[in-house]
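The values are calculated or read from the model by the stated rules, or taken from the named source; none is laboratory data. Values in this document were obtained by computation on a predicted structure and should not be read as measured data. Ideal geometry is used to build each Cβ from the backbone, glycine not excepted, and the neighbour counts take in all protein chains shown.
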Amino acid sequence: MNLNLCVLEGDGIGPEIVKEAVRVLRAVCGARGVGLSLDYALLGGAAIDRTGVPLPDETVEKCRAAQAVLLGAVGGPKWDSLPSGLRPEKGLLGIRSALGLYANLRPATIFPALRAASPLRDEIVGAGVDIMVVRELTGDVYFGEHSRFERDGVLHGRDIMGYSVPEIERIARVAFGLARRRDRRVTSVDKANVLETSRVWRETVTRVAEEFPDVALTHLYVDNAAMQLVRDPAQFDVLVTGNLFGDILSDEASMISGSIGMLASASLGDGPFGLYEPIHGSAPDIAGQGKANPLATILSAAMMLRYTFDLPELAGAVEQAVSDALGTARTPDIRGDGLPVWTTEQMGGFVAQRAAELLA
Ligand code: NAD
Ligand code: IPM
Ligand code: MN
């Protein structure tokens, strides 16, 4: 067996964290005699600097030729004043859309070793938190028309929010399908008390739920959902929502785990192909200092092994190695509890070696 990956390092801490995830992939593949072919391509600011655009055609072609994509993060102050269509973030949205990756799975769990590192009290997270945020990724206000115009001498900005029924149906089916393999509960999050988009969302999710009579569906408004996530995160199993609300709620959910540097994601379409990336950004404030936590990217690589390549044993070894690492040391983003503080490379090196040992 050979895994064909396209690797997009991106900007800021992107190259540092991707390097460690690749190291871990090499270690587990090596331990099991699985081949690994990597094709690097440009995305975001790195692509703008080299080619003038955030998503070169060659990058789309290389991604399409691969079985899965591993991505760091894009963006940074250097490119913030570029026109909207030429910003690094536009490249990220473009590659998700070009590859048809409408379902973004963002698991928010807490490793037992990090219970004391969560800002939430032990009574709240102690019994365990295991939320799967299912974020719609190729629609919503992100992909509506963006414009600015002047009326009566006053500048306006406008972004159109909208969802079609088929777009909602397919993401709802992903959420209900996942719930069947978990605790059979789906919470759909919207703003149906205000937004027409959300009313269509709620009606459609309710209708799709009839195909899944064994799964319990509840609806929450997004403001209440944001509050419930910190009040009692253990109440959630699968949480399905649109692109914008999912972006915000998944960063919020990440803190339950102790750090945004822990949260992985998989972006999927209709087949096994997927793009795997941490939920955090390029962290320009710590780039190049060896301080970045590579675990979100390493855990994204584990999701790749599980979802695209159906290699649960390799994925499990990576996850166990991460768990062991957190009992041994921490990167500076996580409350340390007196444990040694490691650099990005030390953390990646430990996980790679430990995962390989677990498979030996
Ligand atoms: P960010 O996620 O990059 O950083 C927020 C804070 O979390 C910073 O203090 C950062 O140091 C810290 N942080 C993030 N990841 C970390 C890690 N792995 N280890 C340790 N600390 C970490 O968000 P931001 O500052 O709002 O955005 C910075 C840039 O990243 C912007 O250009 C933004 O558009 C971009 N961005 C990209 C992605 C992506 O590529 N998927 C996601 C979010 C933001
Ligand atoms: C994420 C990021 C992106 C998003 C930005 C950088 C376009 O915040 O992946 O969560 O909003 O999807
Ligand atoms: Mn985000």
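With the requirement that a residue be of a type in the set (V, I, T) and within 16 Å of ligand 3 (Cβ to nearest atom), what does segment 295-310 give you?
Within segment 295-310, just T297 meets the criteria.
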Problem - Counted residues, segment 183-209 - those being within 12 Å of H219 (Cβ to Cβ) and hydrophobic (A, V, I, L, M, F, W, C) - result: 6
Practice task
Check whether at least one residue in segment 236-247 is polar (S, T, N, Q), closer than 21 Å to P119 by Cα, assigned by TED's automatic domain parsing to the domain that holds G126 and at pLDDT 95 or above, and report yes or no.
Solution key: no
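Can you pull out the residues in segment 185-199 that are within 14 Å of V141 (Cβ to Cβ) and not in a strand (DSSP E or B)? Walk me through it before giving the result.
Let us first name the residues in segment 185-199 that are within 14 Å of V141 (Cβ to Cβ), namely 190-191, 194-198.
K191, V194, L195, E196, T197, S198 - these are the residues of segment 185-199 that are within 14 Å of V141 (Cβ to Cβ) and not in a strand (DSSP E or B).
Are any of the residues in segment 72-91 charged (D, E, K, R), assigned to a loop (DSSP other than H, G, I, E, B) and closer than 25 Å to Q289 by Cβ? If you could, list the steps in order and put the result at the bottom.
Residues of segment 72-91 that are charged (D, E, K, R), as a first pass: 78, 80, 87, 89-90.
Keeping just the survivors that are assigned to a loop (DSSP other than H, G, I, E, B) gives 80, 87.
Filter once more, keeping what is closer than 25 Å to Q289 by Cβ: 80, 87.
Yes - at least one qualifying residue is present in segment 72-91.
Here's the yes/no breakdown for (1) in contact with a strand residue (DSSP E or B) (Cβ under 9 Å, 6 or more places away or on another chain); (2) without any contact (Cβ under 8 Å) to a residue 40 or more places away in the chain; (3) of a type outside the set (S, T, Y); (4) more than 16 Å from ligand 3 (Cβ to nearest atom):
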position	(1), (2), (3), (4)
A209	yes, yes, yes, yes
F212	yes, yes, yes, yes
H219	yes, yes, yes, yes
D223	no, yes, yes, yes
D232	no, no, yes, yes
T241	yes, no, no, no
A253	yes, no, yes, no
Exercise for the section: Check whether at least one residue in segment 133-143 is within 13 Å of ligand 2 (Cβ to nearest atom), under 22 Å from L263 (Cα atoms), crowded, with 16+ Cβ neighbours inside 10 Å and among the acidic types (D, E), and report yes or no. Expected result: yes
Practice task
Answer yes or no as to whether R182 is in the same structural domain as D247 (by TED's automatic domain parsing), outside any loop (DSSP other than H, G, I, E, B) and more than 14 Å from T241 (Cβ to Cβ).
Solution key: no
Exercise for the section: Answer yes or no: is there a residue in segment 143-156 that is touching an Asp or Glu at 6+ places or on another chain (Cβ under 8 Å), within 16 Å of ligand 1 (Cβ to nearest atom) and touching a residue at least 60 places away in the same chain (Cβ under 8 Å). Expected result: yes
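I'd like to check something: does segment 17-35 contain any residue that is at pLDDT 95 or above and assigned to a strand (DSSP E or B)? Break it down into steps so the answer makes sense when it comes.
Step one: filter segment 17-35 for residues at pLDDT 95 or above, giving 17-35.
After this cut, where a residue has to be assigned to a strand (DSSP E or B) as well, the list is 35.
Scanning segment 17-35 turns up at least one residue that is at pLDDT 95 or above and assigned to a strand (DSSP E or B).
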Exercise for the section: Hey, could you check segment 227-266 for residues that are closer than 14 Å to D333 by Cβ and crowded, with 24+ Cβ neighbours inside 10 Å and say which is farthest from ligand 2 (Cβ to nearest atom)? Expected result: G258
